[in-house]
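The values are calculated or read from the model by the stated rules, or taken from the named source; none is laboratory data. Only a predicted model underlies this, so the values are computations on that prediction, with no experimental measurement involved. Glycine also receives a Cβ, built like all others from the backbone with ideal geometry; neighbour counts cover every protein chain displayed.
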Amino acid sequence: MQQEDKTGQSDSGNVVKITKTLTIPKLFIRQAEKLGKDTVAMREKEFGIWRPITWQQYLENVRQIALGLISLGLKDGDKVCMIGTNRPEGLWAEMAAMCARGIGVWLFQDCLIDEVKYIVDHSDSRFLFAESQEEVDKALSIINECPKLEKIIWDDPKGMRNYTEDCLISLKNLQALGKELDKNHPRLFEEMIHKGYGEETALLFYTSGTTALPKGALLSHYNMLTMGRNLMAVDPCFKTDDYASYLPFAWIGEQMMSISCGLQIGFTINFPESIETSQANIREIGPHVMFAPPRMYEQMTRTVQVKNLDSTWFKRICYNLAAKIGYHVADLKFKKKSVPFYWKILEFMAYAGVQKKLKDNLGLSRIRNAYTGGAAMGPDHFRFFHALGVNLKQIYGQTEVAGISVVHKTNDIKFDTVGSPIPETEVKITEDGEIITKSPSVFQGYYKNPEATKNTLVDGWLYSGDKGFIDDDGHLVVFDRSKDVMTLTDGKPFAPQYLETRLKFSPYIKDSWVIGDNLDYLTAVICIDYSVVGKWADEKKLTYTSYHELSQQMQIYDLIEKQIRHANKDLPPAAKLKKFINLYKELDADDDELTRTRKLRRAFVLTRYQQIVDALYSEADFVHIDTTISYEDGRKAHIKTDLHICKIMD
Amino acid sequence: MVATHRIKEGDVLLELKNIHMFFGKVCALSDINLNVRKGEIHSIIGPNGAGKTVMMNIINGLYHPQKGSIYYKGQKINKLRPYQRAKLGMARTFQKVEVFGGMTVLDNIRLGRHIHLKSGIISGSLYIGKTAREEIEHRAFIEEEIIDLLEIEHIRNKPVGMLPYGLQKRVELGRALALEPELLILDEPLAGLNLEEVEDMARFIIDINEEKNWRVTCLLVEHDMGVVMDLSDHVLAINFGNTVVDGTPEEVQNNPEVIRAYLGEEDLYATRR
């Protein structure tokens, strides 16, 4: 670690100077020429082997794709959509779009057709990079309704043999077109890049929006590059680092790491073989930095808890002992107290005996900084990772600042805050308690939405719509979305997310929704974790055939009640949950109940499940449900059932 | 590949001529004729006990018919044993999966590659030179053509016995493909699968049949009529060991006898859509 820091210092010594003329493509060319054919820019696991792609190959591919787009008629400022999983070709396409002076727009891979249609149409995209047959099918089904869309480019030939539509072109053919153009105009690529300047729009990001239709945030090259610089001023990254890219490119956090930071420092980006193998592939890589939304960390916690419950008694004892030591040391560090030497010895033993292996299994063996952001994370999860010796930090940011504005600094971590502002960033609280931000990374405005831009951008300040305050140590505390903050019976404001994340610390609970704004007491709607609870039920020899049937079993209600009692502990009486209900299905982004980044859309679920909410606040023990649900494959099923309401006794 | 004389697309690859099969006094098949042409998907349908699996076992060489002849690429193969037929380019999967549960997915598929290995025991145990190269070539084939096609990257190194049934079926298909067969016999590949797995499997069958690296002729035994009618070029319907009709999916669907024997019964018209 010491050694690494030293080499890193010299690396980060020649940090890129970001001027108003510098663009991402200019920096890209400079880096590619400097790092050339000896440095690995990215790796992809394919056919079971990690295959390196050097900076020279990266440049070569981007050059061909960019010129290919030009041959297809791309003009300055044209939008280019991209949809698909994380893979080198996706990043090439994005970089090529920027090099050809277009604007990149990423779509979430699991977007439904309506969402794809909305974004492609709203962004006026002329070109769309699809990965495989699945994305091509989506694109073909909307092309008639999106008259501006001209060409669909695909790169995975599997299943594409019978597609003859004129609007389709394979990435290979596009690259061939680019090569042809390059032969005739050898300087064209450099000339295009030379024309760019920092204030131009580089990327257009559609925010997931918990309340309304997605809005397109315009980000300039300057926004993106200053973002990377300011984040790395706090936590330097090094050329020798490995980074695993497996979260959607449509999420700003992934862009911040892969483009803003990755390009400036030149670390290696690793792409897993498939979505299913990502956890195993990350373990093989052992990344140095990681930025993921809380659900990834929640999933890891759940895995550890469940595996621990499953293991032998001896392993359980070892784990519990190591956890105890870990928690104690972590708490000392949180309180900024020094760790006595005998605790240091114990900590080392816990590390050598348990934590080292555990971290390796989670792919965290080499992690220097792990960030979480995008939604609230519970203190329980936070302490869990610090007890493991993982330097987990909260960040706060949004698409509109090209990533983040606030982060925890090493050795200054408080798990109820999100840290302090990064350099060149000012964070203030308005009189109504709204968090506002000013930095060079604040976006240019919403695309084709002056109304929203006017409300969000005032005198260079970004109005976030989040409530919070700055504590005595200068740390920002984010309360919740303004509209989501509740008032309890005792008149105190209360953030439901706090309780929800607390509930989610239980491995049996996948999602929760806490209700009680201006009502007599708090209640919760719980979505059980099908696999974990299912396994528990198998061991208890309970029979069930579906999620719905399992969720309504009395034993499961008892199990969940136990979890809620645990979460209720240490809470003031007004903030304790009084009743709960197990929902008959999981909350799903396809049903609009969650955003694509899995944030709960409260207003929507409130109207959708009004009947359940009413029942929770009546004397009823049951609520009768008669509804239709649609499966992912389009089938519909009629559900007629009584959901049990469980009271939690004190 | 085993050297046999080449036949063109559309020529008869497998021919069953007047096949009779008895078990004691029970007549399982009587006077069955079948022509499978190269490049097509030929399905066999029929109610339970109609004799479909018996037919598969006859083609495969597990059973030997008392009367009639089987021709593969014009060559009479009545007397050949199953492994000899496999060498000619025939592979099959089973109604109830027959995989090696204790072995990993990769090892199961590798096993199917066995007939293509040329190295002997001694050079194999030393693993040098040509043998190592051969092994690498075969591994590359398995990775690029089979594991990638069937999307089983994530279970490559898992023991097959631990996997859900749907994935075991996929592994079995992978093992059959490792033989690089010209004719693939699929005995109820969709039985016991859920809707999503059925869709995946149907897609794999189409891929194997149409993808230019594969172009495998498929003989399909299946109960899921929706899939059979969508996928097949020809369908043979049998009942109580007798041919009911042999023709295109439309002809078979409209045949009154088939409707009476099979399709007409609502319960048996077991399509999942």
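Looking for whichever is of a type in the set (A, V, I, L, M, F, W, C) and buried (at least 19 other Cβ atoms within 10 Å of the Cβ) here; the options are B:Ile259, B:Ile238. Which one fits?
B:Ile238
When region A:121-168 is examined, which residues are found to be surrounded by fewer than 22 Cβ atoms within 10 Å (Cβ to Cβ) and under 16 Å from B:Arg203 (Cβ atoms)?
Those that are surrounded by fewer than 22 Cβ atoms within 10 Å (Cβ to Cβ) and under 16 Å from B:Arg203 (Cβ atoms): A:Ser132, A:Gln133, A:Glu134, A:Asp137, A:Asp156, A:Pro157, A:Lys158, A:Gly159, A:Met160, A:Arg161, A:Asn162, A:Tyr163.
Answer yes if at least one residue in region A:541-551 is of a type in the set (Lys, Arg) and either within 32 Å of the chain's Cα centre (by Cα) or under 27 Å from A:Ser618 (Cβ atoms) (or both), and no otherwise.
no
All but one of (1) assigned by TED's automatic domain parsing to the domain that holds A:Ile404; (2) buried (at least 16 other Cβ atoms within 10 Å of the Cβ) hold for A:Trp313; state the number of the condition that does not hold.
Of (1) assigned by TED's automatic domain parsing to the domain that holds A:Ile404; (2) buried (at least 16 other Cβ atoms within 10 Å of the Cβ), only one is false for A:Trp313: (2).
What number of residues within region B:185-205 are at pLDDT below 90 and within 13 Å of another protein chain (Cβ to nearest Cβ)?
Qualifying residue count, region B:185-205: 3.
Can you give me the number of residues within region B:115-171 that are touching a residue at least 40 places away in the same chain (Cβ under 8 Å) and among the small types (Gly, Ala, Ser)?
Of the residues in that region, 1 qualify.
List pairs: first in region A:565-579 and at pLDDT 85 or above, second charged (D, E, K, R) and part of a strand (DSSP E or B), Cβ under 7 Å, 6+ apart or cross-chain?
Taking only residues 6 or more apart or on different chains, the pairs are A:Lys578/A:Lys647; A:Lys579/A:Lys647.
For region A:91-132, which residues satisfy the criterion of being within 25 Å of A:Phe28 (Cα to Cα) and out of contact with any strand residue (DSSP E or B) (no Cβ under 6 Å at 6 or more places or on another chain)?
The answer is A:Leu91, A:Trp92, A:Met95, A:Ala96, A:Cys99, A:Ala100, A:Arg101, A:Phe108, A:Arg126, A:Glu131.
What tally of residues in region A:250-307 results from selecting those that are of a type in the set (Phe, Trp, Tyr) and over 20 Å from A:Met377 (Cα atoms)?
Residues flagged as of a type in the set (Phe, Trp, Tyr) and over 20 Å from A:Met377 (Cα atoms) within region A:250-307 amount to 2.
So B:Gly226 clears everything in (1) over 14 Å from the mean Cα position of the chain (by Cα); (2) on the phi > 0 side of the Ramachandran plot; (3) not polar (S, T, N, Q) except one condition, right? Which one?
(2)
Filter region B:131-142 for residues that are exposed (fewer than 14 other Cβ atoms within 10 Å of the Cβ), within 11 Å of chain A (Cβ to nearest Cβ) and basic (Lys, Arg) and give the result.
The answer is none; no residue qualifies.
Which residues, taken from region A:49-82, are buried (at least 24 other Cβ atoms within 10 Å of the Cβ) and assigned to a strand (DSSP E or B)?
Scanning region A:49-82 gives A:Lys79, A:Val80, A:Cys81, A:Met82.
How many residues does region A:466-475 hold that are crowded, with 17+ Cβ neighbours inside 10 Å and part of a strand (DSSP E or B)?
The qualifying residues number 4.
Restricting to region A:592-618, what's the tally of residues that are of a type in the set (Asp, Glu) and either touching a Leu at 6+ places or on another chain (Cβ under 6 Å) or in contact (Cβ under 8 Å) with a residue 24 or more places away in the chain (or both)?
The total comes to 1.
A:Arg596 - would you say it is crowded, with 17+ Cβ neighbours inside 10 Å, within 31 Å of the chain's Cα centre (by Cα), among the charged types (D, E, K, R) and not in a strand (DSSP E or B)?
Criteria met by A:Arg596.
Quick one: which of A:Ile259, A:Ile252, A:Ile275, A:Ile269 is in contact (Cβ under 8 Å) with a residue 24 or more places away in the chain, within 14 Å of another protein chain (Cβ to nearest Cβ) and of a type in the set (A, V, I, L, M)?
A:Ile275
So how many residues does region B:143-168 have that are more than 12 Å from B:Ile109 (Cα to Cα) and within 8 Å of chain A (Cβ to nearest Cβ)?
Selection size over region B:143-168: 6.
Of all helices (runs of 4 or more DSSP H) completely enclosed by region A:526-586, which ones contain at least 2 residues that are out of contact with any strand residue (DSSP E or B) (no Cβ under 9 Å at 6 or more places or on another chain)?
A:530-539, A:554-568
Which one of the conditions (1) without any contact (Cβ under 8 Å) to a residue 40 or more places away in the chain; (2) in contact with a strand residue (DSSP E or B) (Cβ under 7 Å, 6 or more places away or on another chain) does B:His42 fail to meet, given that it meets all the rest?
(1)
Report whether or not A:Ala323 is surrounded by 14 or more Cβ atoms within 10 Å (Cβ to Cβ) and away from every other protein chain (no Cβ under 14 Å).
yes
Which ones in region A:410-453 are of a type in the set (A, V, I, L, M), under 15 Å from A:Gly468 (Cα atoms) and assigned to a loop (DSSP other than H, G, I, E, B)?
Matches in region A:410-453: A:Val418 only.
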